Structure formats: structure tokens, C-alpha cells
Amino acid sequence: MNVTAKMITVTVNTAIDLFLEVEGMGRRDNLIANSSAEFVCGKGINVARTIESLGHPVLCLGFAGKQSMPLFEAAASRGLRTDLIAVEGKTRTNLTLLDTQARRETHIRTQGFSVTAEDCRKLAEKLDASAAAGDIVIFSGSLPPGAPRDLYRSLMDRCRRRRATVILDTSGSGLHEGLKAEPYLIKPNRQELEEIAGRALPDDRALVGAARTLIDQGVTWVYVSCGEEGLVVVGRETAIKASVNGDFGRVVSTVGCGDAMVGGLAVALFDGLDPAETIRIGIACGMANLYSREPGAIDRASMAEIMNHVETSPL
């Protein structure tokens, strides 16, 4: 990897995550939170936080509502740099309620800002000025209202012309259109891959078949997240099932686990690691996120311990 190369995340639908712990929601009208925390997020921001946690610098591009820009600017650090475009409207809020008694999470999402064609043009210009040969550029999350269906595709085409490696983690039209730009790596879950394939994928063999269809269309690696069942990883000559055997403490939150996995995969690719080690780092980062309240802010020691319990088998 070129020493000047870098990692860039693109988050076009940033968010403010509010995390509340309550004891026994039940049918009570009034609840007092045992604890609360607020974080600037969005899938790409979470990915960037994982990359920073693993000791690598990262640049965050994307959009944020004007009112929230000070929060995102304050989130910048020595290793995480933000260069977001301020747009009209509010950044959306994601609320997570954790009932500590029932051990159940409830997620409430709101809709935030809309973007304009001019906003998208400015983002394209920033990406043109930032991405270079050897960079890894990660596009994560949903498209905001107002964004064209092919926004990711057009931005990814710009990256490919600059010989940057592209990772795509999204769903819906963003994924369907983005596939046309032939990203290097995608991370759909089972349901998202079923939507692309247009059929049910009830077992690992079916997942591998659907993934190989995408590889024939230009994708290099497909990482299929199967929840508690683990991960199915498919390349042109490779099909692997990976999972973690072990319990590593009290789960704090499931928010951002997929993003932490993508961050780990990006770092492994950036460091030029082989597929087996890349899989181990990615799945360990995703699981380490379970024990962190702040999405993506994983503990490296926990991640390293989990790596020792990753099991893989060929499919």
C-alpha cells in the first residue's frame, strides 16, 4: 500500500444517536433513565470511529444539518478528521432504549435533512479533491431524502477512475444502483442479499450462489452478515463460514456492530492482510462493538481476545 494512501468514509445520512438505559419499561407512563449518552453517528461515522480505534487515521466526508455541525466538528480528533458539508435542516435522531430488566433494545428513527443537487455536487467535488490511487473509500448507510437513487454509483465511479478501492455497505436503491459501479467489497445481510437475488436464500449454499452471481457482475468480495449465525464470505475462488465461539461479557448495545465490522475489514485491506486474517479482524471488530456504548469505539484488547475465538470453515 502506498504510504500516502488513506481511508475515507462517506456518510450522506449522518445521525445523532441518543442511548437511554431504563429498568423495566412495561406499561408505565413515566420512566427515569438510569443513564444516557449522545453520540454523533451515521454508519460511515461509526466505521471511521472503528478505524481510529485500530490506530489508523481516517477522513469523514458527507452531509450534516447546519444546526448539528458543531457536534460533528467537536467529534474530530487527532486520528479522525471531519470535512462534512452543512445542509439545510436537522440531522436525524436515532433513539435506542435499552430495558436492562428485559434485556431488550427498542430503536426509534426519525427523518432528518433533505439534500439538493447542489449539495450532491459539492460532495462530489470534495471526493474528487480527496480520493487518490491506493485509498480505501467506504460508502455506508442510507440515502437521505432528495438524494438521487444513483448517488453512490456516481460517487463510486469517480473513485474507480482515481484507482481507489471501494467498499459499499447500504441497502435499497443505494445498493441496487451501487452494484453497477462494481465495488470491491459489499456487506449485505441475508435479507438484503435476498432482495438483490429476488428469491429466498434459506441456507449457506444458496447464499454462496447468490454472492457468486454478484461476483460475476464485478464485485470482488461479498461478506454476508447472518446475525448470530455468523458470516458467510464469498470470493471468486473462496467461500468461508465464520463465527465466534465464546461469551465475552455483558452486551451493552448492538448498535453499530455491522459498521465496526466494516471498519475492521477496511483496516485489514489497507494493511494488505490475507483473506483469512481479514475475516478474523472484521468479525472480531463487529463483536467487540457489542461491549461498547459508543458505536464503533471498540477496545483493541477485547477485539484481539475475540480474534482468538473466531472459527472458520470452507463452504
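Using θ = phi - 60° and the Karplus form 6.51 cos²θ - 1.76 cosθ + 1.60, what ³J(HN,Hα) does each residue of the stretch 138-144 get, whole Hz, x for Gly and Pro?
In residue order, the calculated couplings are 10, 9, 9, x, 6, 7, x Hz.
Could you give the size of the charge dipole of the chain about its Cα centre, using +1 on the Cβ of each K and R and -1 on the Cβ of each D and E, expressed in debye and rounded to the nearest 20?
580 debye
Length gain on complete extension for the stretch Leu315 to Arg163, per 0.36 nm per residue less the alpha carbon to alpha carbon distance?
My answer for the length gained is 51.6 nm.
Using a ≥ b ≥ c from the Cα gyration tensor of the stretch 221-299 (square roots of the eigenvalues), is it rounded, prolate or oblate, where a/c under 1.5 gives rounded and otherwise the larger of a/b and b/c decides, a/b for prolate?
Numbers: a/c = 2.15, a/b = 1.53, b/c = 1.41.
The shape class here is prolate.
If R₀ is 30 angstrom, what is the calculated FRET efficiency for the pair Leu31 and Arg250, using the beta carbon separation as r and rounding to 0.05?
In this case the efficiency is close to 0.90.
Need the list of lysines near Lys126 for cross-linking: C-alpha distance under 29 angstrom, and skip anything on the same chain fewer than eight residues off.
Result set, ordered by chain and number: Lys6, Lys43, Lys66, Lys90, Lys180, Lys187.
Between Arg300 and Ala117, how high is the FRET efficiency from 1/(1 + (r/R0)^6) when r is the Cβ-Cβ distance and R₀ = 35 Å? Nearest 0.05.
Values: r = 42 Å, r/R0 = 1.19.
Calculated transfer efficiency: 0.25.
Could you compute the net charge surrounding Thr110? Neighbours are other residues with a C-beta less than 15 Å from the C-beta of Thr110; K and R count +1, D and E count -1.
Numbers: positive: Lys90, Arg92, Arg109; negative: Asp17, Glu38.
My count for the surroundings of Thr110 gives +1.
What is the distance, in nm, between label points placed 7 Å from the Cα along the Cα-to-Cβ direction at Gln101 and at Met69?
Modelled inter-label distance: 4.5 nm.
Please arrange Cys257, Cys120 by how many other C-beta atoms lie within 10 Å of their C-beta, fewest to most.
Fewest-to-most ranking of Cys257, Cys120: Cys120, Cys257.
Along the charge dipole of the stretch 115-267, Cβ charges K/R +1 and D/E -1, which of Leu143, Thr116, Val232 sits furthest on the positive end?
Of Leu143, Thr116, Val232, it is Thr116.
Restricting to Cα pairs below 8 Å that are 6+ residues apart, what does the relative contact order work out to for the chain? Please round to a whole percent.
Taking the mean separation of contacting Cα pairs over the length of the chain, I get 17 percent.
Place the peptides 126-139, 103-116, 298-311 in order of packing, highest mean first, counting for every residue the other Cβ atoms within 10 Å and averaging per peptide.
By packing density, highest mean first, the sequence is 126-139, 298-311, 103-116.
Report, in whole Å, the centroid distance computed from the Cα atoms of the stretch 20-82 and the stretch 143-164.
A separation of 24 Å, based on Cα centres.
If you count the DSSP beta bridges with both ends in the stretch 174-243, what percent of them are antiparallel, to the nearest 5? Write out the running numbers ahead of the final one.
Values: 8 of 11 bridges.
Beta bridges within the stretch 174-243, antiparallel portion: roughly 75 percent.
What is the order of Asp259, Asp271, fewest Cβ neighbours within 10 Å to most?
Numbers: Asp259 31, Asp271 13.
By the 10 Å Cβ count, ascending: Asp271, Asp259.
Nearest 5 is fine: what % of DSSP beta bridges in the chain come out antiparallel, could you say?
Percentage antiparallel, nearest 5: 45.
Given an 8 Å cut-off on Cα distances and at least 6 residues of separation, report the relative contact order of the stretch 12-88 as a percent.
30 percent
Between rounded, prolate and oblate, where does the chain land on the alpha carbon gyration tensor, with a ≥ b ≥ c its root eigenvalues, rounded for a/c under 1.5, else prolate if a/b exceeds b/c?
rounded
Every number here is computed from the coordinates shown, using simple stated rules; none is lab data. Model, not experiment: these values are computed from the prediction. Cβ atoms come from the backbone with ideal geometry, glycine included; neighbour counts cover every protein chain shown.
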